[in-house]
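Below: the structure, in structure tokens.
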Amino acid sequence: MEIIITDTAYDTANDAASRISTFINNKPNSLLCFAAGETPLCVFTILIDLQKKNHVDLSSVYYVGLDEWEGLSQDTKGSCYQVMSDNFYTVAGIPSSRIKRWNGICVSPEDELNDVYQYIIAHGGIDLALLGIGMNGHIGFNEPFTGLPKKCIRVKLDKTTQSVSKKYFDIPTKVSYGLSIGAGELKNSQKIILMATGIHKADIVKSTIELPNDISIPSSLLTDHQNISLLLDKDAASKFSL
Ligand code: PGA
């Protein structure tokens, strides 16, 4: 695994954005999957800036949502789709025909999981996944002990995830289950960019690196991918030893 450590969270985001824009320029019409978490938000801002300067056409590729809170509509403030729409899709002017979004208020989660999975298959798999490491190591809603499911999954949310979720919502919102692309399917991506920034992520970054393939740490299950880059700022990288 390539590990890149930069001085600041902005530098980490800048590195990720530069890699993504090069990827898009080299492979238009590819399928990208961007995490809707807090960590990649700055990457979106920089990508949009690169597009304004005509360095990349963000509408030349397709996007599939990584995950969604079950029970939240796409319009709910704090839903994964709303975070993506407000911070990336709408600002970047991505046509809806280029986006596969989750419906968190679907009548049948089973059909919804299959629908997103079929979209991925129809595009020949995910070409590039931009992922953030959660406080418990979760990747999307692949929680500790979820393993490496190959398709899309409905997951009972870990206590840490339920607690961390509060940062996304203006009003108290109970979330119990998540819908997500499975970690096994993410691991089939041609390229993975995994990010963590901030001192609060230093312990989980240490575990991710020092305990590879530990089922209690979802991020550690990705580290033996053949084309993965782990991008860290110096705070997130402050506790592990290589
Ligand atoms: P999370 O994602 O916020 O859902 O835990 C990780 C991150 O982007 O910080």
Say we look at the stretch 221-242 and pick out the residues that are among the hydrophobic types (A, V, I, L, M, F, W, C) and outside any strand (DSSP E or B); which of these is farthest from MET135 (Cα to Cα)?
-> LEU242
Would you list the helices (runs of 4 or more DSSP H) that sit entirely within the stretch 73-165 and hold 3 or more residues that are in contact with a strand residue (DSSP E or B) (Cβ under 6 Å, 6 or more places away or on another chain) and in contact (Cβ under 8 Å) with a residue 24 or more places away in the chain?
-> 109-122
Failed condition for SER180, given (1) farther than 27 Å from SER18 by Cα; (2) small (Gly, Ala, Ser); (3) crowded, with 17+ Cβ neighbours inside 10 Å = (1)
Does SER207 satisfy the criteria of being under 16 Å from the mean Cα position of the chain (by Cα), of a type in the set (S, T, N, Q) and within 16 Å of the ligand (Cβ to nearest atom)?
-> no
Yes or no: THR223 away from the ligand (no atom under 11 Å from the Cβ), modelled with pLDDT of 95 or more and over 22 Å from ALA13 (Cα atoms)?
-> no
Cβ pairs under 7 Å, 6+ apart, first in the stretch 40-55 and closer than 9 Å to ALA92 by Cα, second within 16 Å of the ligand (Cβ to nearest atom) and aromatic (Phe, Trp, Tyr) = PHE44/PHE88
For the stretch 187-201, enumerate the residues that are within 13 Å of the ligand (Cβ to nearest atom) and small (Gly, Ala, Ser).
-> ALA196, GLY198
Reported set for the stretch 110-136 where residues are surrounded by fewer than 24 Cβ atoms within 10 Å (Cβ to Cβ) and under 21 Å from ILE204 (Cα atoms) is MET135, ASN136
Mind counting the residues in the stretch 177-220 that are out of contact with any Leu (no Cβ under 8 Å at 6 or more places or on another chain) and part of a strand (DSSP E or B)?
-> 0
Modelled with pLDDT under 95 and either crowded, with 22+ Cβ neighbours inside 10 Å or touching a Leu at 6+ places or on another chain (Cβ under 8 Å) (or both), is that true of GLY37?
-> yes
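The values are calculated or read from the model by the stated rules, or taken from the named source; none is laboratory data. Just so we're clear, the structure is a prediction, and the values are computed from it rather than from any experiment. Glycine also receives a Cβ, built like all others from the backbone with ideal geometry; neighbour counts cover every protein chain displayed.
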